[in-house]
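Some notes on the structure that comes next.
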Amino acid sequence: MFRRERSIPLRGSAAALCNNLSVLQLPSRNLTHFGVVHGPSAQLVSAAPEGVPLAQRQLHAKEGAGVSPPLITQVHWCVLPFRVLLVLTSHRGIQMYESDGSVMVYWHALDSGDASPGTWSGQILVFDIPAKGPNIVLSEELAGHQTPVTDIATEPAQGQDYVADMVTADDSGLLCVWRSGPEFKLLTRIPGFGVPCPSVQLWHGTVAAGYGDGQVRLYEASTGTLHVQISAHARAICALDLAPEAGKLLSAAEDTFVHIWKLSRSPESGYTEVEHCHGECVPDTQVCGARFCDPSGSSFAVTGYDLAEILRFSSV
Amino acid sequence: MSVRTLPLLFLNLGGEMLYILDQRLRAQNIPGDKARKDEWTEVDRKRVLHDIISTMFNRKFMEELFKPQELYSKKALRTVYDRLAHASIMRLNQASMDKLYDLMTMAFKHQVLLCPRPKDVLLVTFNHLDAIKGFIQDSPAILHQVEEIFRQLTETYGGLSAGEFQLIRQTLLTFFQDLHIRVSLFLKDKVQNSNGRFVLPVSGPVPWGTEVPGLIRMFDSKGKEVKKVEFKHGGNYVTAPKEGSFELYGDRVLKLGTNMYSVNRPVETHMSGASKNLAPRTQENIAPNPLAKEELNFLARLMGGMEIKKPSGPEPGFRLNLFTTDEEEEQAALTRPEELSYEVINIQATQDQQRNEELARIMGELEVTDQPRQSASKGDDLLAMMDGL
């Protein structure tokens, strides 16, 4: 059972994008950072455990050539082993900040032309990030997708159990599974079936993908074999999140529902299994972002199109 | 954002405008033989709709519309509808025009939000076009124009992927973001809540191609199903009975975009007043608008293609009031919240030829080197000039 906690107010409503909520958990500082895209601006809010907002900041996409103010497409915290960066993307390019958004450390412009070919052409840009400072370098451009890339998920490669590090998804529903290294290697392609895949996660060598027809599918990352198919939602899925410690998966969709699933591996067969844990309806809200707020998956936050607040839920 | 959104936005908003004007004109209908010189008759109503539709579907105008381009602001688009509404003998005061635009935008926002699949916005558009054809049954020439647009829609959108339609949907929702005007008809029908937000039902048929939620299926490495578990989804969904038709004629199945107004159900809007949801829009209106120049280029191109028929002979301009009384209309104009004013470029329909020449001349003057700083102030000057014209 989950109960509604105190909401965090936003200066601007959330835009109708997918994956429109990013959360950075900082348990050692008793803080949680939230990031939401409004449109031409993105809003960062820090809150105390009870949801009391403490600090607030707005970031804008860099104006380039041209007249119309650029719209931000995503705001996301990238947690690297030695550093956390805040990444802001727009059709103009990619901006990287220190984790509190105070200082921009890097700006990568995308070519204008017809539309930004960076992510719109399906390319994936790989950057080398130093432990400190702005000396970020574009190291590789991966070709694997022909349609715009919607989401990227990674997990640390641990041991020989699973070699796949990264999975990328696109508007056609195609998933590409990669292994990182001095050069990235494409391991598997998992074809789509006529609907976009807006959100993807990677857990212990299993790919979890959410689709535009409301399905959640789980695949073996190294082979692309389908193991689980869930008729999870009645409308397009907009966000997936993982609580890796507990093996919990969260799915949110435009049908106003958020569902929590428990992933496990059957000890006999070794196949991935899924159990439904909880369903929450956010009345009259087209959900556009959802994230767990703690590693055990006992609390989560939700954003909705046109809603100027972050809704919070925690288990009782 | 998608560069193919404008035709869908324009045609659907135009369709809603026609529904509202038709309902309003019927409500004020006086039988022909009893009507005074300044009262509306059935003949007048048909003529107004006929004139607006033929202007909307003008070939040159449609050509401009279908060019791939970004969406412009609500302000810029409102100016086009202002002109369109004045395409015949009908006249609307600012307050009535504001109300008309509010109703149009909220209605289409509702339709976009409730579309089961992103692609279904095309069915909504076809519903509007089907109704428009009904308004001009007895004019084969305009009927042909409308059918041409049907064909062009099919050509432009027929081959788009689900991903591209999702992008169009997101572009439309961005256009409608933060609009929460309460419409009494929607409130009465429980389609909108008292806080201005639309009701999103969690029951009924699922979109075509989606499965009813509630099933988990697990497979072995050979693809054989090994386990099937049901779970409680929380909604009350059923399978979709059939897919709507995308042909020129056919059962669209979807009711969104059909005419929901009738003579006996007058529509009122409530201004939401000061609420925190309006804060972002307030900022948008106060800050200098760097889009001014681009928007004026767009307006010039679009309205250059609009052929406004001049009324033949000395006919009075018939004024249509979207409110119940003249006093109500005046009151609405005075009490409209600052942040919801459209700051419309006031273009009189009576000086069309002169207008087009003036616009063309101004556009010509603007073909100087693009310097961001200067263009902002040039935009302001141009707006000032147009207000004075």
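The values are calculated or read from the model by the stated rules, or taken from the named source; none is laboratory data. Owing to the predicted nature of the structure, the values given are computational and were not obtained by experimental measurement. All Cβ positions, even for glycine, are placed from backbone atoms using ideal geometry, and neighbour counts span all protein chains on display. Accessible surface is based on the protein model in full, side chains and every heavy atom, while ligands, DNA and RNA are left aside. Shrake-Rupley method; radii C 1.70, N 1.55, O 1.52, S 1.80 Å.
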I'd like to check one number: the per residue accessible area of chain A, probe 1.4 Å, reported in Å² as a whole number. 39
If you count only protein heavy atoms and use a 1.4 Å probe, how large is the accessible surface of A:Met104, to the nearest 10 Å²? 80
Accessible surface buried upon A-B contact (total; probe 1.4 Å; Å², nearest 100): 4100
Can you give the net charge of the other residues whose Cβ lies under 15 Å from the Cβ of A:His227, counting K and R as +1 and D and E as -1? +2
For A:Gly144, what charge total do you get from the other residues with a beta carbon under 15 Å from its beta carbon, if Lys and Arg give +1 and Asp and Glu give -1? -4
B:Lys74 accessible area, nearest 10 Å², 1.4 Å probe? 30
Candidates A:Phe193, A:Phe34, A:Phe257: whichever shows maximal mean-square fluctuation once chain A is modelled as a Gaussian network with Cα springs under 10 Å: A:Phe193
Going by accessible area, probe 1.4 Å, with all protein chains left in place, what is the ranking of B:His233, A:His91, largest first? A:His91, B:His233
What accessible area per residue comes out for the range B:90-188, rounded to a whole number of Å², with a 1.4 Å probe? 28
How much of the accessible area of the range B:68-187, in percent, comes from carbon and sulfur atoms when a 1.4 Å probe is used? 53
Using a 1.4 angstrom probe with every protein chain in place, what is the largest-first accessible-area order of A:Cys78, A:Cys238? A:Cys78, A:Cys238
Which residues of the range A:1-46 end up with at least 50 Å² less accessible area in the presence of all protein chains than when their chain stands alone, using a 1.4 Å probe? A:Ala16
In nm, to one decimal, how far is the A:Glu140 label point from the B:Glu63 one, both placed 7 Å along Cα→Cβ? 5.0
List of the range A:216-234 residues, accessible area with partners at least 40 Å² below that of the chain alone (1.4 Å probe): A:His227, A:Gln229, A:Ser231, A:Ala234
Between A:Ser315 and B:Lys190, what is the FRET efficiency for a Förster distance of 35 Å, r being their Cβ-Cβ separation, to the nearest 0.05? 0.60
B:Lys227 accessible area, nearest 10 Å², 1.4 Å probe? 90
With the full set of protein chains present, the residues of the range B:205-222 whose 1.4 Å probe accessible area falls by 40 Å² or more relative to the chain alone are B:Thr210, B:Glu211, B:Ile216, B:Arg217, B:Met218, B:Phe219, B:Ser221
Once amide H atoms are built 1.01 Å from N in the peptide plane, which residues 5 or more positions from A:Thr225, or in another chain, come under 5 Å H to H? A:Glu220
Under a Cβ-Cβ cut-off of 10 Å, what is the net charge of the residues other than B:Gly209 that fall near it, where Lys and Arg count +1 and Asp and Glu count -1? -1
In the range A:129-236, which trypsin sites (Lys or Arg not before Pro) fall in coil by DSSP and have 13 or fewer other Cβ atoms within 10 Å? A:Lys132
Per-pair calculated FRET efficiency, R0 = 56 Å: A:Lys185 and B:Val226 via Cβ, rounded to 0.05: 0.95
